[in-house]
Structures are given as C-alpha cells and as structure tokens.
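Here is the structure we will look at, set down as structure tokens.
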Amino acid sequence: MKIFRLFTIAAAALILSACSSEDTAQNNNPVAGRQMHFTATIAAPNKGGTRTVYTEDTENKKITVAWKVDDEIALVHDKVMDVVKVKTVNADGSATIDGTITSATDEATVQLVYPAARVSAVNSDGNPEFNETVSGKLLTQDGTLTYIQNNIDFREGEGQLSVNGTKVTLNAAVDMVSSIAIWKLTLQDDAATPAALAATKVKIKSGENELASTATLTQATSTVYLALPCDSYDELTIEATVGEDTYSFTKSAVTLNASAYYQSTVTMEKIVDLSTVTTATTIKDGYTVTGTLAAKVKISIADGATVTLDGVSINAEGSWTDGIYAGITCEGDATIILKGTNTVKGFHQEYPGIYVPGDKNDPTKNKTLTIQGTGSLTASTASSIGNGYGAGIGGGRSKACGNIKIQGGTITATGGDNAAGIGTGYEGTCGDITISGGSVTATGGATAAGIGSGASGSCGNIKIEGGTVTATGGKFAAGIGSGSGSGSKCSGIKITTGVTSVTATKGEFATNSIGAGSGGTCGTVTIGGTVYWENNNYVGAGETYLKQSTILYPFPLSAVTSSQLGWIVGADGNIYADATAAEAASTTAVAMIAYVGNGSNCTHGLAIQLNANPASMDWSAACSYSSYPSITGNPGTWRLPSKTDWQNMFVGCAKSGDASASDNMNPIAGFKEKIGATGITWKSFFYWSSLGSGSFACYVLVSLNGSNAKAVFNNVHVSNEYPVLGCLAF
C-alpha cells in the first residue's frame with residue numbers, strides 16, 4: 001500500500017458529441033476491386049478529441065486542438081481497411097477528408113481511426129486490430145505535449161457510409177473521440193514548505209500494470225505531461241525518480257475520461273518498496289517503506305532518520321549462519337511513524353524484531369527509538385530456527401539496547417525465550433522505556449517480563465504516562481518490571497494518572513505483576529504519585545495491589561467523604577445514597593463505599609463489589625480476575641482486596657465496630673442497612689485476598705457466619721478453591 005497526501009485535480013473535459021442519420025439510401029452492392037472516391041466531413045476535434053495541433057490554455061484549464069492537413073485516417077468497413085487524408089481544414093474547425101477506397105456498401109458501418117498507422121489489420125469480424133507498437137509509445141513518452149501530439153493522439157469515431165455510384169460519403173459528420181486523457185503533473189515534496197521535485201523519470205501504474213511513463217529524461221523537470229488510457233481505476237500510483245531517490249503518490253477511485261485534460265499538483269513522499277529490494281538497504285530520512293521483503297538482506301534505518309512504515313512485511317527468517325540481524329536495525333536515533341498494518345520479525349533467533357543500539361558501559365550514549373502514528377506494528381524475534389533470545393522491540397542476546405519511546409500506534413510485541421516483549425533480550429541490557437500513547441500489548445518469553453528485562457537482563461526506568469498498556473510476563477517474571485534470575489533488574493517503574501489503563505499479569509510461579517520477577521530486583525515503583533515498592537520490597541508490610549492485574553485511571557471518586565460511607569457507586573460513575581436512588585437514576589449499583597481515608601493500599605478509599613461473586617476459582621485465576629462490573633469513565637481500580645483492605649472495609653461498613661477489634665465485628669448488618677434490597681451474596685467460605693506468601697499460599701478471609709461473625713486472617717497453604725470478591729480503590 002502506498003502513501004497519498006494532497007491530490008488536486010482541475011479538469012476541463014472536452015465536449016463529446018455524436019452525429020447520426022436515419023436517412024435511408026438505395027443499397028448498392030460492392031464490386032470487388034472497384035475504385036470509389038470518398039469524401040466526407042469530420043467534426044472539429046475540440047468537439048470530441050484531443051488532436052494534433054495543441055494549444056494549452058492553463059488559465060482556463062483546457063487544450064485547444066486543430067486538425068492538420070495530410071493527417072491519415074483509417075476507414076474500416078466491409079471487412080477491409082482503406083486510408084484517407086485530411087484534405088482541408090475548414091473555418092469552423094471541421095475537416096474534409098478525401099481519398100480512394102474499395103468495396104463500399106451503402107449504409108455499411110464504418111469505423112474511423114486516427115492515426116491510420118495504429119490499425120495493423122482487420123479481423124474476421126470486420127473490426128480493426130491495433131498495432132501494439134504504437135500503443136507502446138505510452139511507455140516511452142518524453143513528458144511534453146509535443147510528443148503526445150505527434151505520437152499518441154489516438155482517436156476513434158463511427159459512422160455510416162452513403163454510396164452513390166462510385167462516390168462514397170458519410171450520412172453525417174463524425175466526431176473523432178480521443179481514446180486518451182492528458183494529465184499535467186506538477187511534482188513537489190511533502191515538506192512543511194513543499195519544494196519542486198525535478199524528476200528524470202515518471203511513471204503511472206494501476207496495481208502492477210504500468211499505464212504510462214517517460215523514458216529517462218535528459219533534462220530533469222518538475223512538470224510533465226502524460227497521456228493515459230481512459231478508464232476507471234481502483235487506484236493509481238505515480239512514481240517519480242529524483243536523483244537517487246524514488247517518490248510516490250497514490251490516489252484511490254480515479255476515473256480518466258476520454259478527451260479530458262487534467263492539471264494536478266501532486267505532493268509526493270520518498271518510498272522504498274521492499275518487494276524490489278535485493279541487497280542490504282539503509283532507509284534514509286523522509287522515506288516511506290512499503291511492501292513485502294523477499295530477499296534475506298539487512299534493512300536498516302539511518303542515524304537520525306524519520307521513516308514511515310506503511311504495509312511493511314519483514315518475515316524472511318534466516319538460518320543459523322545467514323541473516324544474522326534484526327528485522328529492522330536502527331543505526332542510531334530513529335523515529336518510526338506507523339501507517340497501515342506492519343509486521344517485522346527478526347531474521348535470527350538472537351536478534352529482536354526491531355533493534356536500537358545501546359551502550360552497556362555508558363547509558364548516556366544510548367540511542368533512542370521513537371514510535372508514533374496511527375497504524376499497527378507486530379514485532380517479534382525469529383522462531384523457525386529456535387525459541388529465540390531476542391525481544392520483540394529492543395535488544396538481542398547479550399546485546400545492549402538503547403531507549404524506547406512509544407507515543408502512538410497499536411503495538412504488539414512478543415519476545416523469544418528469555419527475552420522481553422519490549423526491553424532486553426536474554427542477558428542483555430536496555431535503556432529507559434517510556435509509553436505515552438497508543439495501545440501496547442507486550443508478552444515476554446519464559447522467565448522474561450512483558451515490558452522490562454529478559455532473563456538475567458538489566459533494564460533502565462519504565463515510565464507509563466499515557467495510552468493503554470497490557471503486559472504479560474513469562475514464567476517467574478513480572479508483567480512489568482524484571483525477569484527471573486539474580487541478574488534480572490529494572491531500575492524503577494512510574495505509572496502516572498495520565499494513562500487510560502494498565503494491565504499487568506505476572507507469569508506462572510512469579511511473585512509480582514509489577515515489580516521484580518522471581519530472584520530479580522526492581523527499583524522504586526510509583527503509581528499515581530504513591531510509592532508502592534522501594535528497595536526491592538513492598539511498602540506497607542508487603543500489602544499492595546501491585547500483585548494484581550489491572551490499574552485504571554483517573555479517580556473521579558476522590559471527593560468522597562467519610563459521611564458517605566455506605567453510599568452506592570453506580571455503573572454511570574456517580575454515587576448515590578442507596579441502591580434505590582441508583583435505580584431511580586436508571587443505573588446499576590455495582591459497589592458500595594466501604595472505607596474512606598488514606599491507607600497504605602489506596603489513594604482515597606475503597607468500595608466493595610456488589611452482586612458479582614463468581615464461582616470459586618484458584619489463586620492464579622483470582623489474581624487475574626478483571627471482569628468486575630464496568631463503570632463509566634473507569635473511576636477507579638478494581639482489585640482483589642488485601643488483608644488491610646478487608647480490615648478497613650469491615651470497620652467502615654460495620655453497624656458498630658472498633659477499628660482495633662478487627663476480630664469481633666459485624667459487617668453483614670452494616671452492609672444490608674446501607675444497600676437495602678441489593679445485597680452481597682455472602683458464601684460461608686473463605687475469600688481470596690491479594691497478599692501472597694510463597695508460590696501457593698495466601699491470606700484468606702475466614703467464614704462470615706452468623707450475626708457476630710469474626711474477620712480472621714490466616715497465612716495458610718492453599719490447595720482448595722475459594723470465592724472472589726473485588727474491591728474498588730479510588
């Protein structure tokens with residue numbers, strides 16, 4: 001798929017007209033070899049054709065044409081062809097054609113073709129066969145009107161013969177309609193202040209079919225005239241060669257009318273069509289890259305270049321000995337703008353899909369890859385020759401990767417074994433990763449984070465300040481943070497309130513969704529301005545929703561006060577005094593405000609989920625459970641409650657209670673009093689909480705039975721399944 005920008009067409013179609021006669025004459029049978037004199041009138045060409053003597057009127061966007069004496073015209077009739085000439089050009093622009101013909105039949109249909117040399121023969125059906133060598137001149141034009149006038153002025157008309165003895169004429173004047181359109185192209189680049197493009201070759205294609213082109217011009221020019229076949233085209237592409245560069249422009253749904261003259265200013269972009277690339281190629285600044293790469297050659301982006309990927313497919317994997325490079329290698333700082341659908345896979349298992357160079361010893365020398373645009377990108381390492389040790393976007397095995405900035409687009413990045421989706425390869429290093437827009441889905445390989453470090457890899461700071469992010473870690477690895485192993489590090493993580501959503505899911509047997517992988521380390525983790533992790537430990541006795549999967553911003557419930565404990569959160573994002581008020585507002589009660597304050601586990605408060613207790617599930621499923629009731633505007637963060645969450649909510653929701661007496665409260669009465677008919681379907685069982693202790697153990701809330709139930713928290717080994725109840729942090 002090519003790029004198109006500005007398309008300005010000003011067309012002045014020459015008027016077409018046709019003449020016919022219903023007069024009937026006495027039939028005269030032809031006599032073989034009989035010589036007959038033919039004379040007739042054909043209409044002025046500006047009524048139905050673009051013909052010989054061209055005079056361009058740029059102001060009125062038209063070409064005035066005139067017949068020329070001695071122009072030869074073919075007459076195809078009675079399964080024979082005769083040639084006549086323009087004898088005189090009349091004052092009104094019409095022409096008298098004259099000559100000797102053979103075998104004419106009265107009222108026979110005659111086809112008139114200009115130039116006569118275009119007809120090579122008459123087929124068995126009596127129709128002309130056209131000389132392709134003449135038509136082929138469409139592909140060897142010189143970009144001038146004079147060439148079109150002298151070589152490609154094809155016209156056709158149809159009439160009826162009138163025979164009277166040895167004299168033959170036409171029943172009426174015939175319009176000779178041109179079979180081409182003329183397109184005047186003024187070429188310019190797509191810079192902020194467009195500059196003229198002096199081209200040495202210009203071609204126009206419909207798909208892979210070349211319709212018209214110039215030969216290589218000795219004098220480069222930014223204005224060319226091209227004759228084209230008249231037709232309707234799904235898409236036309238104009239390509240121009242300017243020095244060593246190729247520029248392209250594409251327009252969809254184009255109709256070129258017979259005898260029409262068009263003037264267009266065409267804004268073009270530099271292109272590299274990978275389907276034509278056969279040697280190692282470095283993409284320079286300003287280029288658009290398109291097409292499917294078939295050759296096993298290295299594709300690079302020049303240092304400092306901004307390039308556009310539009311319909312790119314790089315999927316030609318190498319072997320153990322050839323193609324030892326990434327799918328795209330940045331030679332330095334680079335900006336990629338995404339358009340259309342793009343797929344980039346590394347050639348070799350130890351290289352990433354897209355690689356940006358870094359400096360393991362001096363991170364200040366790291367180069368930066370910036371990804372922008374509205375298109376999509378799927379990036380991964382090679383797979384056919386092994387499990388892969390390269391990231392989707394980032395580094396390769398034991399290689400230093402620079403900084404990565406994602407500002408737009410739909411990104412899907414998958415790492416190979418031991419490599420991050422976005423970040424380091426196996427045993428590699430990576431600079432800072434910043435996501436400020438777009439939609440990003442990153443999946444790490446075994447023992448590697450979705451976003452961050454691969455196994456035994458070291459990643460800089462991760463900052464998520466916008467967009468939608470979904471990150472999944474491999475076994476033993478965090479969704480966002482570090483992979484597993486003593487060498488796996490992440491300098492720090494910061495998630496701001498500017499994001500749309502962040503979903504981080506830890507891998508099997510991993511400890512954290514956000515933070516350190518098993519055996520790895522992580523610096524300070526800050527979410528929404530609150531520090532949740534520091535010095536490789538959770539803040540607040542290790543109780544935090546960082547072990548859970550979904551973080552949503554912003555927090556419109558932050559204005560809730562303690563006097564509104566027990567109020568209802570509606571699906572519309574508003575709060576109501578009770579469920580009855582929520583129903584009156586035609587919304588669904590989805591949660592009840594159960595705690596207001598500044599605890600270690602929340603920004604401002606907690607609300608407990610209503611009417612959505614699922615069937616029992618195991619710990620792993622409970623951690624990733626996110627199908628809680630939807631709320632307009634995502635006014636908070638659904639999560640599995642921690643031990644402290646439960647304690648705070650019991651105190652807040654109890655009919656009467658003492659915060660210090662967490663083992664002797666009656667939350668059930670408090671809930672029912674506030675929510676009226678809408679209640680929580682309590683199960684006489686344990687409930688999961690979010691705090692884990694070891695791979696297969698967690699705190700659970702013991703049975704809530706009777707009017708004087710106790711809230712008891714235990715650290716137990718778990719082999720059973722327990723219900724889930726979510727809470728909303730706001």
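The values are calculated or read from the model by the stated rules, or taken from the named source; none is laboratory data. All of these numbers come straight from a predicted model, not from anything done at the bench. Cβ sites come from the backbone with ideal geometry, for glycine too, and all protein chains shown count toward neighbours.
Structure values in brief
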read-out: Answer residue from segment 198-219, given it is among the aliphatic types (A, V, I, L, M) and either touching a helix residue (DSSP H, G or I) at 6+ places or on another chain (Cβ under 9 Å) or at pLDDT 95 or above (or both) and is surrounded by the most Cβ atoms within 10 Å (Cβ to Cβ) among those; value: ALA199
read-out: The lone exception for PHE347 - which of (1) buried (at least 18 other Cβ atoms within 10 Å of the Cβ); (2) more than 24 Å from the chain's Cα centre (by Cα) it fails; value: (2)
read-out: Yes/no for LYS463 being assigned by TED's automatic domain parsing to the domain that holds GLY523, among the charged types (D, E, K, R), touching a strand residue (DSSP E or B) at 6+ places or on another chain (Cβ under 6 Å) and modelled with pLDDT of 95 or more; value: yes
read-out: Index of the failed condition, ALA581 passing every other in (1) buried (at least 22 other Cβ atoms within 10 Å of the Cβ); (2) at pLDDT 75 or above; (3) of a type in the set (A, V, I, L, M, F, W, C); value: (1)
read-out: Condition check for ALA448: under 13 Å from GLY428 (Cβ atoms) and either surrounded by 24 or more Cβ atoms within 10 Å (Cβ to Cβ) or touching a residue at least 40 places away in the same chain (Cβ under 8 Å) (or both); value: yes
read-out: Breaking point among (1) hydrophobic (A, V, I, L, M, F, W, C); (2) buried (at least 22 other Cβ atoms within 10 Å of the Cβ); (3) over 28 Å from ALA199 (Cβ atoms), for ILE324; value: (2)
read-out: Residue list for segment 424-472, filter: closer than 20 Å to PRO363 by Cβ, part of a strand (DSSP E or B) and among the polar types (S, T, N, Q); value: THR429, THR434, SER458, ASN461
read-out: Residue list for segment 319-357, filter: under 20 Å from THR443 (Cβ atoms), touching a Gly at 6+ places or on another chain (Cβ under 7 Å), modelled with pLDDT of 95 or more and of a type in the set (Val, Ile, Thr); value: THR341, VAL344, ILE354
read-out: Residue that is closer than 16 Å to GLU156 by Cα and either modelled with pLDDT of 85 or more or surrounded by 14 or more Cβ atoms within 10 Å (Cβ to Cβ) (or both), where the choices are VAL69, VAL113, VAL80, VAL89; value: VAL113
read-out: Criterion (crowded, with 24+ Cβ neighbours inside 10 Å, in contact with a strand residue (DSSP E or B) (Cβ under 7 Å, 6 or more places away or on another chain) and assigned by TED's automatic domain parsing to the domain that holds THR447) met by exactly one of GLY394, GLY390; value: GLY394
read-out: Cross-chain or 6+ apart pairs with Cβ under 9 Å, segment 174-195 first and free of Cβ contacts under 8 Å to residues at least 60 places away in the same chain, then in a strand (DSSP E or B); value: ALA195/GLN188; ALA195/ASP189
read-out: Single unsatisfied condition, ALA191 versus (1) under 28 Å from GLU59 (Cα atoms); (2) assigned to a strand (DSSP E or B); (3) small (Gly, Ala, Ser); value: (2)
read-out: Hits in segment 483-498 (condition: hydroxyl-bearing (Ser, Thr, Tyr) and modelled with pLDDT of 90 or more); value: SER484, SER488, SER491
read-out: Single residue of SER439, SER453, SER486 found to be surrounded by fewer than 24 Cβ atoms within 10 Å (Cβ to Cβ), assigned by TED's automatic domain parsing to the domain that holds VAL525 and within 16 Å of GLU427 (Cβ to Cβ); value: SER486
read-out: Segment 361-383: number of residues that are of a type in the set (Asp, Glu) and in contact with a Ser or Thr (Cβ under 6 Å, 6 or more places away or on another chain); value: 0
read-out: All positions within segment 412-432 that are under 22 Å from the mean Cα position of the chain (by Cα) and buried (at least 24 other Cβ atoms within 10 Å of the Cβ); value: ALA413, THR414, GLY415, GLY421, ILE422
read-out: Answer residue from segment 163-180, given it is touching a Lys or Arg at 6+ places or on another chain (Cβ under 7 Å) and part of a strand (DSSP E or B) and is nearest to TYR261 (Cα to Cα) among those; value: SER178
read-out: Residue match in segment 529-548 (condition: of a type in the set (Asp, Glu), modelled with pLDDT of 85 or more and either touching a helix residue (DSSP H, G or I) at 6+ places or on another chain (Cβ under 6 Å) or within 17 Å of ALA442 (Cα to Cα) (or both)); value: no
